[in-house]
Every structure is written in C-alpha cells, then in structure tokens.
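A short write-up of the structure that comes next.
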Amino acid sequence: MASVNRASLRRSFEEQKRTFERLKRDGAMTPESIALIDALMTLLELLIAVFMEKTTGKTGRNSGLPSSRAPRDETARGAPGARGKGPGENAAAPANTRVVTDREESVVEQCRSCGADLAGIACSGHERRTLIDIVFETVEHHVDAQIKRCPSCRAETRGRFPDTMPGPLQYGPGIRAWAVHLLVAQMVSLKRVAQSLRALTGRTVAEATLLTYVAKLHHALADWERAAVERLLAMPAIHVDETALRVDRKNRWIHVYAAGDVTLKLLHPSRGCEAIEAIGIIPRYRGVLIHDCWASYLSYDHCRHALCGAHLTRELAFVVEAHGHAWAGRMRKLLLKTCHRIARCDDKTLSAAQYEALRRRYRTILNQAKRELPAIPPRAPGQRGRVARSDAHNLWQRLRTHEAEVLRFAQDPEVSFTNNRAERDLRMSKVKQKVSGCFRTGKYAHAYCRISSYLQSAAAQGYNPLVAIQIALAGNAANLIDAPQKA
C-alpha cells in the first residue's frame, strides 16, 4: 500500500478537486450535489491544511530560533553597547586586584653559528615572551583597640574601630563583589560560591551572608534603576519582550526593555497589560516599540510599533514547508532581501520611491495569497467562538493588518529588522533558571533581575563586572547612566 505523506495527500486532493470541477462544467451533477460536495471540499481543504501543519516538524529554521544563533542585525543605526557587547572593556581595574610585573633578560654571549664571543657587542633588539599566572593572596587587616581603665573613676574605655568594621569579623568589598559576581553574572549556586570562597580564603562564608550581599546591592541599585527608566523613555526605539521565571513554585514573568547601552529587566506575576501598567514604561513612552506582535503591546496606540522580522520569516518558512504555498516563499524572500539591502546602506533606510515599490510588491504578494489559501467555512448558525483557521491564514491576516508595523524597519533608521536584542538580554535568565531550578522567594528574584540588568548595562559600556559591582556598593551606580564611561 502506498504511504501517505504531505506530498501524496496534497496531490490526491488536487486531482479530486480537478475532477469535481470538470464534472461541474460537464453538467454531470445536480445543483444539490454540487452544493454539498463544494462544502465538503472546503472543509476537507481546511482539515488538510491543519494536518500539514501538525505533521511539519518545527526546527530552529522555521520556529523558535535562539537569537544568539541568528545573524547579526545591521538594519538600524548602531551605538556602542547597543547589541550588548560594549565598546570594548575600559582600563578600570577592581580595587582589590593588583598586577605584579617583573622582567628578566636572556643574555647572548656567544654566537650559535661560529662560536664567536658576543659579550661586547651592542644588542640590536629583543623578542619578548610572557608568562601570566595568578597567585591567590588573602589580605587580613586587624585593628586592635586599646582598653584602658581610668584611675580616677575606674571606667573602662576602648579605642574606636573604623566604621567599616562594625563587628568582630567582616569581609571587604573585594570578597563581596566576587561573591555577587559568581551568584548573578556566572549563575553559580550558593553552596558552590561558599566553597569557592573557602578555597580562596580558608574561611567559611555562610549562605545567609552571601544573600545579604545580594540584598544590599539590590537596594544600592534603586537609583540606577530609576535613572535607567528615564533613559529608556528618551530612546527613539525600545526592544521589549517577556519570558517566564519560576518563583516559589509559581510562574512569574520577566519583562525586558532594552535600547542603546541600557537593559532593564523587571519581574511581575502577570504577562499582559496588568504588568505593563504596573511597570509604567510603555504607558509613558512615545517612540517605537519593537516586539513579536504580542497583543498586549499592540493595545497601546499612543506609540508606534514594529514587528520582529525574525519571527515572521520563521513562520513563513513553516508555511512553505507545511503547505508549499508560493506566496509565503515570495514574502520571506522579499523581507530578507530588504533586510540585507538596508544593512548595506549607510543611512539604514529606503528612499520614498524605494519604500513605495516595496509596499506595492508586499501588497501584490498578499493579494496573490488569496488564491492559494483555503477558503474559510462560514460560521454555522448558533456557533460560538472564532472560526477555525490554519496557521497560514492567521499569518496572512497578521501581515495584511499590520503592514506598516512589518515594514517600519525600512522607513525608520532607528528601528531594526529583528527583536533579537531583547531576546538575547533575556537568554541568561533562562540559563539561570536551568541552573537553580527556581527562586524560593520573590525578594531575591527581583534582586536578580535588577542586578543582572545593571551588570548587562555596565558591560555594554565596557565595565569590568567586578568594577561595576564595587561602584554600585559605593553608591555611585546612577553615575553610569548620567555619564556613561567611554572606552
């Protein structure tokens, strides 16, 4: 028996459809039979479309491609740090590190070829080779306060301790910065961080103490976060996205807002408009939001929108594989060709004539798609809910409804073709969840979002993470927003 697959099923259906059309033309069928079979053909075509989508495997090429593996997006004007890589790390070093450099000279006293004496010959040059190693050094600073008893009143007086030493034992800013760096940036577990510090210092730091460092840095970054919000509101375009995070065995949502050298991640129990209103950035924003067509973002019509081209091209590739629709292939080719064209332009935009030609071609493809898409059956009397449609039909409807948002990257030089910036900024949050499983309390989940936002933004400005943490613990983090460091 012949196997049934997408190609054979589509081929058989087309043959039966042609036979039906021929019988109608020849008058070999009654009007009642024509009406019945026509309705069945429409329903069967829709069922085949759904079958094609269910049996087409989704891969990284047609869905869910990690943005870290996507080609670099060059369709918008760039700025140092706008892609999260930074302008190159600056020369600032952590306060608790030092470099000890020595030099020795390898002397030439005899010619290796003829054995002649070269001791008195002047050196014509040097060739250098370098050995770099790390020697771990624990610095212990003791303050011994004198204790004296007054001979007059017999009162006992002790010497004053520095304000930085409130208790019998404390750890310096270097250890605190290193611990937070391991916990947040490197996503090491509490237990392993404590083990690492014990291996370096010979002392056991309690996990509760490590969490205290995280909480202190979280509070120290409150002013930085407020300054970051104001900087984002002044940006011409913002990348937005959201992803789930497990907190206390419940789903919470990390909302990311990224533009230029600023990344801001905020946690909320809700994913939609409730969270957007509580965060309060989008309701006050007047620029362009770049996103993946999430309905909650589109409900805000006081700002402009741009849809992620990477999502659209993946969905179009899926439609081509599932249905073989030529319109989807032509649309995907048009979007990618325009993306590459803009990436090569210095001004990152099309001229008015070029944009008008693009829009005409775009609409022509959508009009041609009507002949390939299966007809939607009419709503039955008394039927409730939405009429069933295939993914191909939904995608076509989205492209037609949001034409301006899909093509905005070709008109606005500040708008990129993809939303990969936001997705890349969120990716480490998923890695953190895989490492730790979840956060036990919302307090430290919020702290993780704020601290990781700060470290990503500081990295985009070229700051060593240990330097950035020490700046924040000193209360100067907001200065990185007001006057970002240049490499």
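Nothing in this text is a laboratory measurement; each read-out follows from the coordinates by a stated rule. The structure displayed is predicted, hence computed values, not measured ones. Every residue, glycine as well, gets a Cβ built from its backbone with ideal geometry; the counts of neighbours run over all protein chains shown.
If the chain between R249 and D117 were fully stretched, how many nm would it gain, using 0.36 nm times the residue separation less the Cα-Cα distance?
Gain on extension, R249 to D117, equals 39.6 nm.
For segment 387-487, what does the alpha-carbon gyration tensor say about shape, rounded, prolate or oblate, given a ≥ b ≥ c as the root eigenvalues, a/c under 1.5 as rounded, and a/b over b/c as prolate?
oblate
Can you give the extra length, in nm with one decimal, that the chain gains between T157 and N367 once fully stretched, where that is 0.36 nm per residue apart less the Cα-Cα distance?
Working it through step by step, the gained length comes to 66.5 nm.
Is the shape of segment 316-467 best called rounded, prolate or oblate, per the rule: a/c under 1.5 gives rounded, else a/b larger than b/c gives prolate, else oblate, with a ≥ b ≥ c the square roots of the Cα gyration tensor eigenvalues?
Oblate, because a/c is 1.5 or more while a/b does not exceed b/c.
Please compute the length gained on full extension between R386 and R25, using 0.36 nm multiplied by the number of residues separating them and subtracting their Cα-Cα distance.
126.5 nm
For segment 115-223, state which trypsin sites (Lys or Arg not before Pro) are in a DSSP loop and have at most 11 other beta carbons lying within 10 Å of their beta carbon.
Hits after loop and neighbour filter: R128, R129, R154, R160.
What FRET efficiency comes out for A208 versus A295 if R0 is 56 angstrom and r is the Cβ-Cβ distance? Round to the nearest 0.05.
So, using R0 = 56 Å, E works out to roughly 0.85.
Can you list the HN-Hα couplings for segment 11-19, worked out from phi with the Karplus curve (6.51, -1.76, 1.60; θ = phi - 60°), rounded to whole Hz and with x for Gly and Pro?
5, 5, 5, 5, 5, 5, 5, 5, 4
Taking 7 Å along the Cα-to-C-beta vector as the label spot, tell me the A278-A353 distance in nanometres, rounded to one decimal.
Simple spin-label model gives 5.4 nm for this pair.
Can you give me the C-alpha center-to-center distance between segment 330-371 and segment 160-232, rounded to a whole angstrom?
A separation of 51 Å, based on Cα centres.
Out of all DSSP beta bridges with both ends in segment 255-388, state the antiparallel percent to the nearest 5. Mind dumping the intermediate values first?
Working: 5 of 9 bridges.
Approximately 55 percent, going by the DSSP bridge assignments.
Taking +1 at the Cβ of each Lys and Arg and -1 at the Cβ of each Asp and Glu, which of G462, S436, N419 sits farthest along the dipole of segment 347-468 towards its positive end, judged by Cα position relative to the Cα centre?
S436
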